[in-house]
Amino acid sequence: MQTQFNSNRAFWLKHLYRWHWISSAACLVGMLLFALTGITLNNAGHIESSPVVSKKSATVPAPLLKQIQAEPADDKAPLPKATADWISNALQVELAGVPGEWSDAEVYVSLPRPGGDAWLVVDRNSGEVNYELTDRGWISYFNDLHKGRNTGTAWSWFLDIFSTAALVFSITGLFMLSMHASNRPSTWPLVGLGVVIPLVLVILFIH
């Protein structure tokens with residue numbers, strides 16, 4: 001019986017160690033990044049930043065202006081492709097498929113991004129295009145990566161995969177603690193502290 005128990009224990013420890021180190025390797029850089037940006041987010045008020053604002057302007061050629069002046073099928077429609085391509089080349093900004101807000105006077109296109117913001121306005125009468133970009137710096141950029149703010153589908157998938165790897169890392173670690181706890185009396189008190197301390201802080205200091 002004892003031999004069978006030891007055999008089962010060795011089997012599970014082997015697989016737990018394997019998944020623990022695999023998940024650790026997979027999410028190591030992500031955990032370092034999220035820990036660092038957790039500090040910068042928590043101390044955002046103490047970190048100075050000076051947003052840099054840049055502006056560009058252009059005028060849509062007369063042949064393309066007719067596309068802007070025509071009524072869109074939807075007031076949230078993107079700019080017509082030919083016009084969007086021309087503006088993208090003229091101002092070095094990506095507009096393909098980005099929805100706009102159409103009014104009688106103008107088309108407003110919001111272009112949010114990690115670490116900053118941007119917008120573009122096209123005057124439907126004159127064809128004048130005004131573009132403004134606000135860059136809040138690298139710290140803001142990485143903070144937005146942490147939050148998944150305006151980061152797109154690919155980064156959203158990365159966050160889901162990273163979170164899954166972090167869960168595997170944490171859960172396998174918990175099972176390994178359980179299997180070693182009999183030889184390490186401080187295991188469960190330390191685990192308990194990890195639960196109790198944030199709970200007490202939430203109850204007493206967060207309202």
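The values are calculated or read from the model by the stated rules, or taken from the named source; none is laboratory data. Because the structure is predicted, anything quoted here is derived from the model rather than measured. Please note: Cβ atoms are built from the backbone with ideal geometry, for glycine as well, and neighbour counts cover all protein chains shown.
General observations
- Some residue of segment 30-39 being surrounded by fewer than 17 Cβ atoms within 10 Å (Cβ to Cβ), at pLDDT below 95, over 30 Å from A166 (Cβ atoms) and not polar (S, T, N, Q): no
- If you filter segment 102-150 down to residues that are out of contact with any Asp or Glu (no Cβ under 9 Å at 6 or more places or on another chain) and hydroxyl-bearing (S, T, Y), you find that the one that is surrounded by the fewest Cβ atoms within 10 Å (Cβ to Cβ) is S126.
- Filtered by the rule that a residue be within 21 Å of the chain's Cα centre (by Cα) and in a strand (DSSP E or B), segment 110-124 gives S110, R113, G116, D117, A118, W119.
- Test result for H207, in a helix (DSSP H, G or I) and either over 24 Å from K81 (Cα atoms) or modelled with pLDDT under 95 (or both): no
- Residues of segment 50-77 satisfying the condition of being over 19 Å from G100 (Cα atoms) and of a type in the set (S, T, N, Q): S50, S54
- Note on segment 151-172: residues that are surrounded by fewer than 16 Cβ atoms within 10 Å (Cβ to Cβ), of a type outside the set (A, V, I, L, M, F, W, C) and more than 23 Å from R18 (Cα to Cα) total 3.
- Candidates are the residues of segment 69-86 that are farther than 18 Å from E128 by Cα and surrounded by fewer than 12 Cβ atoms within 10 Å (Cβ to Cβ); the one that is farthest from the chain's Cα centre (by Cα) is A73.
- Looking at G148, G127, just one residue is under 23 Å from the mean Cα position of the chain (by Cα) and at positive phi, and that residue is G148.
- Yes/no for W138 being hydrophobic (A, V, I, L, M, F, W, C) and at pLDDT below 95: yes
- Flag not set for I87, criterion: within 30 Å of L32 (Cα to Cα) and aliphatic (A, V, I, L, M).
- For segment 1-109, the helices (runs of 4 or more DSSP H) that sit wholly inside it and include 3 or more residues that are touching a helix residue (DSSP H, G or I) at 6+ places or on another chain (Cβ under 9 Å) and in contact (Cβ under 8 Å) with a residue 60 or more places away in the chain are 2-42.
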